[in-house]
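The values are calculated or read from the model by the stated rules, or taken from the named source; none is laboratory data. Only a predicted model underlies this, so the values are computations on that prediction, with no experimental measurement involved. Cβ sites come from the backbone with ideal geometry, for glycine too, and all protein chains shown count toward neighbours.
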Amino acid sequence: MWIQATALLLACCLWPAEAQRRQSIWDEPIKFNTKAKDSCTMIITGQGEYTRLRMSCQGAKRSYWCEYVGTPQACRAYSKNPRHYFVQMSWILRKHYNACQAPREIKPHMCRMASDDSQMIFSGASFSRSEAPSRTEARPAVQTRRPQRPPTPTRPDSARQANAKTVRMPQRGKTTQAPSSQPITTTTPPVESTPKRMARQYCWRSLQGVCTYVIGLFRS
């Protein structure tokens, strides 16, 4: 009977302290700064099967948020010091220029030997991770533009037409060749002999050759 009363008394004394310790985990946000000097706040909610972490960050020219969900209670070390679990998680997040660009799955060092069920998994954000502000936004790169070539000045129509006239080749005129002067040779018809002339006058055409021969004999 005395042992039961002692155990009940210890439970009554320790339960408020344990409840106050667990309550401080949910009520006291964890704060940190990123490499881009963004001020981030981690708020842990959900004491049931799943634990939800919502992280909100505010920078000089931007603000964003993201969430992680998991079952860190699967890690035995988490049950002993749950706040330190998320403190170690903030050490991983603050190494980035954008805290929501951290790995999708995060397992703090204190639970490195535990199963993957104890890790926190990325579940959503105020932007697409592929379009999230990166290091280039924190340190904008100076882009150099290539100097553009000045446009060539346009010449007036009068100068353009004058230039076209000078470029145009003159047309060649048709040359007429003088007829070659060749000596005209005049052929003098042969002198017709008397026997032949008499045979042409008095004999038939078919017998002119014979008549010419006979007349030539007589005349000789």
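Would you tally the residues in segment 53-62 being touching a residue at least 40 places away in the same chain (Cβ under 8 Å) and outside any loop (DSSP other than H, G, I, E, B)? Spell out the reasoning first.
First, the residues of segment 53-62 that are touching a residue at least 40 places away in the same chain (Cβ under 8 Å): 53, 55, 57, 62.
Of the ones still in play, those that are also outside any loop (DSSP other than H, G, I, E, B) are 53, 55, 57.
Result for segment 53-62: 3.
Residues in segment 80-123 that are small (Gly, Ala, Ser), within 18 Å of residue 52 (Cβ to Cβ) and out of contact with any Asp or Glu (no Cβ under 9 Å at 6 or more places or on another chain): 3 in all.
Can you tell me which residue among 73, 23 is modelled with pLDDT under 95, in a helix (DSSP H, G or I) and more than 23 Å from residue 115 (Cα to Cα)?
Details: 73 fails: more than 23 Å from residue 115 (Cα to Cα).
So the residue among 73, 23 that is modelled with pLDDT under 95, in a helix (DSSP H, G or I) and more than 23 Å from residue 115 (Cα to Cα) is 23.
Taking the criterion of being among the hydroxyl-bearing types (Ser, Thr, Tyr), surrounded by fewer than 17 Cβ atoms within 10 Å (Cβ to Cβ) and under 41 Å from the mean Cα position of the chain (by Cα), the only residue of segment 53-89 that qualifies is 63.
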